[in-house]
Amino acid sequence: MLSFIHKALVGACLATLCPLLTQAQSVKPTIPRVLSGLNYSETGQLVLTRNGQKLVDLDKKDAFSLTQMVGNPVGNETGILLDFSKPGLSGTVAYGPYNEKAEYPAVAFLPRTVPIQDGKALLDIKGAVKAVNDFFKLSETGQGVIGYRVLDNAGRIVYEGRVAFSGKGPYTALPTVIEGPFINALTSTGCIISYETQVPVKTTITVGNQTFSDPKETTHHEITVSGLRPAMDYVYTIAYANRSDQHHFQTAPASGSRKPFTFAFACANRGTSGGGERDFGGTNYQSSRAIMAAALLNGAVFMQATGDLTTGGNPSEDGHLMEYTNWKRAMEPFWHKIPVYTGMGDHEVNYLTFAPDPETKKNPKIDRFPYQTESGEATFARAFVHPTNGPSSEDGASYDPDSKQVDFPTYQENVYYYFYDNVGMIVLNTEYWKSHYPGVDGSPEGYIMDQQVKWLTETMQKLEKDPAIDHIFVSVHSAVFPNGDHANGAMWYEGNNDERPKVAGTPVKTGILERRDQLLDLCVNKSKKFLAFISGDEHNFAFLHVTPDTPMYPDRYTLPKLKLSRPFYHLNNGGGGSAPYAMLATPWMKQFQYFTEPPVLALISVNGQTVTLKAFNAETFGTVCRDVKLR
């Protein structure tokens, strides 16, 4: 097999001899049929034509990518050399021993940094692990793991990584679990354990007297663990390349056992001002870690994180994956033990960004294509491991322009449901195929498209009939009842029902308020088990008890109005650490309670038929509310 360098040389020679090959190699992605007004110019630029104006794709690039930050580590006489494959890059790297044997592993940073020079940094292990700093006896054992943080010239944190080594000089870089392990898709008999290594290796996981393994060498590992007993503690050991990592988790109780448990929810963790870990390569690491630590301290058995995990909106998958990795790094010590389920927010989109519209001075943005590889939905599926019981895509809907090919992004692993004991959690995608400009093809934030509604209908009916399920929660990123900055969006748009998706130049039939009412009718009027929506796009904590008397419409609304058959709850916790949103005017604004700013951890405790809520500031532990009875 030719090496990468040999392939590049051969490709260059062939390109010189055969211009036609060069043209073939530069073929642009096919424009999806669901998009109108797009074409390629003679120079190959993607162009959006709007109101007679030709707006070119700005071809934005991410400043950093995950592939770069992993650093291609190589050992030498002094330590480990990181090559970020970014000539000209300067900055600093902080580093120190990573205590992989701790209950909650973390990096113990040394009182020193090293410079990044022309994209390279040397982690000086020999000079650093002197007696006063060698707490973990690395100089004696000749092996361990070094964690490192990359900081740019302004001191902003870009990324945190790690690398295993052996030797006392010279040093050798070893295969390393650089992300994870994570407990995912937990059931009463098993789970999926996922993790990343910086080089391809074949790994095994031993749980009790069973061993599970990768089918082949890989860098991305998803291993299904099965055959376990309900509500049991298990130690799991990951083995690879003469190394091992050990952690533990507990299986879920048998469905319908109705034993007491607590789960956590919070989201909107994207980076903010304030310096340090508040803007950690696109995420608020400080608040995210505090929230997750508080969740474990309060006995949470899983976390539901409903979107806007990072700043996002990236022009590339690799850049977005780096931000996701930073968020996962904040949650990681606790994710070794309990599952974290995530949903898509508006910042989970990978955008194509066009030149400003001369009329509005704003940049139209659409979900990147090819959808199967470049969209925000595809990147989300690569970053997270979730149940695959959701719909496939919007293909097959009445507005699908071609029934013989895939025209829309995937729903796999961004729309799904799961159980824990007698609770069913349905995770929806309110930011699917998102466009960020009026009149451009795509879906506005907050809108749930037809195929997703069809799947939700079937899923609600299934859970309604399941005797083991007593309570149903529906997780949405955009609020059904917004309270702040998203009062001009979400499922409200200041009462403007004209908002709706546009497919291949044609608006769909159902407006945003009509679709909201269909969602409410399905969850509230047609279900006895549905208890609450969990949302998070508003950067605050807000409790809303919705009743049949709650005002839901603008004064000018002339379409049929939904009559709610019973009360329910709308629980917004966008308290993950993003800048706070103040309350703005809506018809229901006077009914909000416990309104407060981030960072907030919300906990729902379930004991058979009884469900209660409490919330508190995750950094100060100040009470927001406690023992609020939901059912």
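Structure data summary
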quantity: Qualifying lysines (Cα of each under 22 Å from Cα of residue 337; at least 8 residues distant if same chain); calculated: 101, 259, 328
quantity: Cα-Cα over 32 Å, subset of 502/629; 28/361; 28/404; calculated: 502/629
quantity: Ordering of 153-162, 264-273, 43-52, 308-317 by packing [mean C-beta count within 10 Å, highest first]; calculated: 264-273, 308-317, 153-162, 43-52
quantity: Residues 139, 85 arranged by fewest to most Cβ contacts within 10 Å; calculated: 85, 139
quantity: Percent RCO, i.e. relative contact order, over the chain, from Cα pairs under 8 Å lying at least 6 residues apart; calculated: 11
quantity: Cα centroid of the stretch 578-592 to Cα centroid of the stretch 459-485, whole Å; calculated: 22
quantity: Of 388, 320, 409, farthest towards positive along the dipole that unit charges on Lys, Arg, Asp, Glu beta carbons give the stretch 318-446; calculated: 320
quantity: Estimated translational D of the stretch 184-240 in µm²/s (Stokes, Kirkwood radius over Cα pairs; 20 °C; 1.002 mPa s); calculated: 183
quantity: Rounded to whole Hz, the Karplus (6.51, -1.76, 1.60) HN-Hα couplings of the stretch 510-524, x for glycine and proline; calculated: 9, x, 5, 6, 4, 5, 4, 5, 5, 5, 5, 4, 5, 7, 9
quantity: Burial ranking of peptide ranges 178-188, 604-614 (average Cβ count within 10 Å, highest at the top); calculated: 178-188, 604-614
quantity: Under 5 Å, built H, 5+ apart or other chain: amide partners of residue 148; calculated: 161, 162
quantity: Vicinal HN-Hα couplings computed from phi for the stretch 101-107 (Karplus, 6.51 cos²θ - 1.76 cosθ + 1.60; Hz; Gly/Pro x); calculated: 8, 6, 4, 10, x, 7, 8
quantity: Positive dipole terminus of the chain, leading residue within 104, 39, 114 (C-beta point charges); calculated: 104
quantity: Amide H contacts of residue 491 (H built 1.01 Å from N, under 5 Å, at least 5 apart or other chain); calculated: 479
quantity: Estimated dipole of the stretch 66-174 in Debye, rounded to 20 [Cβ of Lys and Arg +1, of Asp and Glu -1, Cα centre]; calculated: 100
quantity: The stretch 314-378: C-alpha pair distances exceeding 20 Å, %; calculated: 43
quantity: Eligible lysines near residue 454 by straight Cα distance, threshold 16 Å, same-chain separation 8 or greater; calculated: 462, 509, 526
quantity: Packing rank of 285-292, 141-148, where each peptide gets the mean count of other beta carbons within 10 Å, highest leading; calculated: 285-292, 141-148
quantity: Estimated vicinal HN-Hα couplings, Hz - the stretch 331-347 in sequence order (Karplus 6.51, -1.76, 1.60; Gly, Pro = x); calculated: 8, 4, x, 9, 5, 4, 10, 10, x, 10, 9, 10, x, 7, x, 5, 8
quantity: Cα gyration tensor category, rounded, prolate or oblate, for the chain with a/c compared to 1.5; calculated: oblate
quantity: Cross-link reach list, aspartates and glutamates versus residue 362, counting only Cα pairs under 14 Å and skipping chain neighbours closer than eight places; calculated: 57
quantity: Residue 611 long-range amide H proximity, modeled H, under 5 Å; calculated: 630, 631
quantity: Cβ charges +1 (Lys, Arg) and -1 (Asp, Glu), total dipole of the chain, debye; calculated: 840
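Here, each number is a calculation from the coordinates, and none is a lab measurement. Everything numeric in this text was worked out from a predicted model, so none of it was measured. Quick reminder, even Gly has a Cβ in these numbers, built from the backbone with ideal geometry, and neighbours come from all protein chains shown.
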